[in-house]
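Quick notes on the structure that follows.
The values are calculated or read from the model by the stated rules, or taken from the named source; none is laboratory data. Remember, predicted model here, so these are calculated numbers, not experimental data. Cβ: placed from backbone, ideal geometry, glycine included. Neighbour counts: every protein chain shown. Just the protein is used for accessible areas: all its heavy atoms, side chains included, with ligands, DNA and RNA removed. Shrake-Rupley method; radii C 1.70, N 1.55, O 1.52, S 1.80 Å.
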Amino acid sequence: YNSFFPAILGNSTAQISAFLDTWLASFLAGGSISYLYYSNRILQLPLALFAIATSVAIFPKIAKYLKNGDEKRAQRIMKKSFWFLAYFLSFSTVGGIMLSNEIIWLLFERGEFTRSDTINSALVLSMYMIGLMPYGFAKLFSMFLYASHRHSKASKIATIALLGNIIASLLLMKPLGATGLALAGSIGGWTLFILTIKQVGFKRFIEIIKSKNSLHFITIMIFLGTAFSYLNKFILVFIRG
């Protein structure tokens, strides 16, 4: 029971945050709740497919190795998982930001969902996507904390990040509307990631990212940015044509 309730709290902050965003959006202009809901659904897709699935898959092995005192093997699994997520989440992040208008247009712009709704939802989606990678990495490294039986630490970190999210939401919702709430969510994600890494250990984190994959990753990010930029222009010409 000492681990059960902290684990529930630590893993439910995202749902609590989404509920609070919906509640706060009810005080904003019409359509804000829909913009947040649709954009958040898109954010959750790569988060679930890659970050959550990977974390759940490696958890038993990480827990087993740490229990047996074999931290080197646990570190190797963490390193492989980190770079797997880095590539897929970066692809999703860059694509989600640069093609946000096109994604919303393709999925939702029909019937009473107008072009104005697409533009507003795309802005919200872009703000959410800023937090995709930190949320994904935080999910991965929080599994390390749970595997090493530091449930209360993981729960405390998640609670602090949630409070930071709420404060940012209250500060940003008036000047930026629904976009501000989405940005606040991303700020909460970065807070969660930084605090989780601090607890896991910056030295351990540096060991994970210190590899030739870093150069490959930067190169691929530049390539993705260029490729999505050209794809964006092509889609705009196609739509207008």
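When Lys139 is evaluated against the numbered criteria (1) of a type in the set (D, E, K, R); (2) within 30 Å of Glu71 (Cα to Cα); (3) open to solvent by 60 Å² or more (accessible area, probe 1.4 Å), which criterion, by number, is the only one it fails?
Every condition holds for Lys139 apart from (3).
When the residues of region 126-163 are filtered to those that are among the aromatic types (Phe, Trp, Tyr) and at pLDDT 90 or above, which remaining residue is farthest from Ile206 (Cα to Cα)?
Tyr128
Residue by residue through region 206-230, note down the ones that are in contact (Cβ under 8 Å) with a residue 24 or more places away in the chain and of a type in the set (Phe, Trp, Tyr).
Once the filter is applied, which keeps residues that are in contact (Cβ under 8 Å) with a residue 24 or more places away in the chain and of a type in the set (Phe, Trp, Tyr), region 206-230 yields Phe217, Phe228.
For Gly177, indicate whether it is at pLDDT 90 or above, open to solvent by less than 20 Å² (accessible area, probe 1.4 Å) and on the phi > 0 side of the Ramachandran plot.
The answer is yes for Gly177.
Look at region 85-103 and say how many of its residues are of a type outside the set (Asp, Glu) and more than 15 Å from the chain's Cα centre (by Cα).
Qualifying residue count, region 85-103: 5.
I need the full set of residues from region 14-52 which are open to solvent by less than 60 Å² (accessible area, probe 1.4 Å) and among the aromatic types (Phe, Trp, Tyr), in order please.
Tyr35, Phe50 - these are the residues of region 14-52 that are open to solvent by less than 60 Å² (accessible area, probe 1.4 Å) and among the aromatic types (Phe, Trp, Tyr).
Gly69 - would you say it is open to solvent by 70 Å² or more (accessible area, probe 1.4 Å) and at pLDDT below 90?
No: the conditions fail for Gly69.
For (1) buried (at least 18 other Cβ atoms within 10 Å of the Cβ); (2) farther than 19 Å from Leu89 by Cα; (3) more than 14 Å from the chain's Cα centre (by Cα), each residue gets a yes or a no:
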| residue | (1), (2), (3) |
| --- | --- |
| Phe144 | yes, yes, yes |
| Ser152 | no, yes, yes |
| Leu181 | yes, yes, yes |
| Gly189 | yes, no, no |
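With respect to Ser81, is the statement that it is part of a helix (DSSP H, G or I) and open to solvent by 60 Å² or more (accessible area, probe 1.4 Å) true?
For Ser81, the condition - part of a helix (DSSP H, G or I) and open to solvent by 60 Å² or more (accessible area, probe 1.4 Å) - is not met.
Does Ser92 satisfy the criteria of being closer than 18 Å to Ala25 by Cβ, hydroxyl-bearing (Ser, Thr, Tyr), touching a residue at least 24 places away in the same chain (Cβ under 8 Å) and in a helix (DSSP H, G or I)?
Spelling it out, it is not the case that Ser92 is closer than 18 Å to Ala25 by Cβ, hydroxyl-bearing (Ser, Thr, Tyr), touching a residue at least 24 places away in the same chain (Cβ under 8 Å) and in a helix (DSSP H, G or I).
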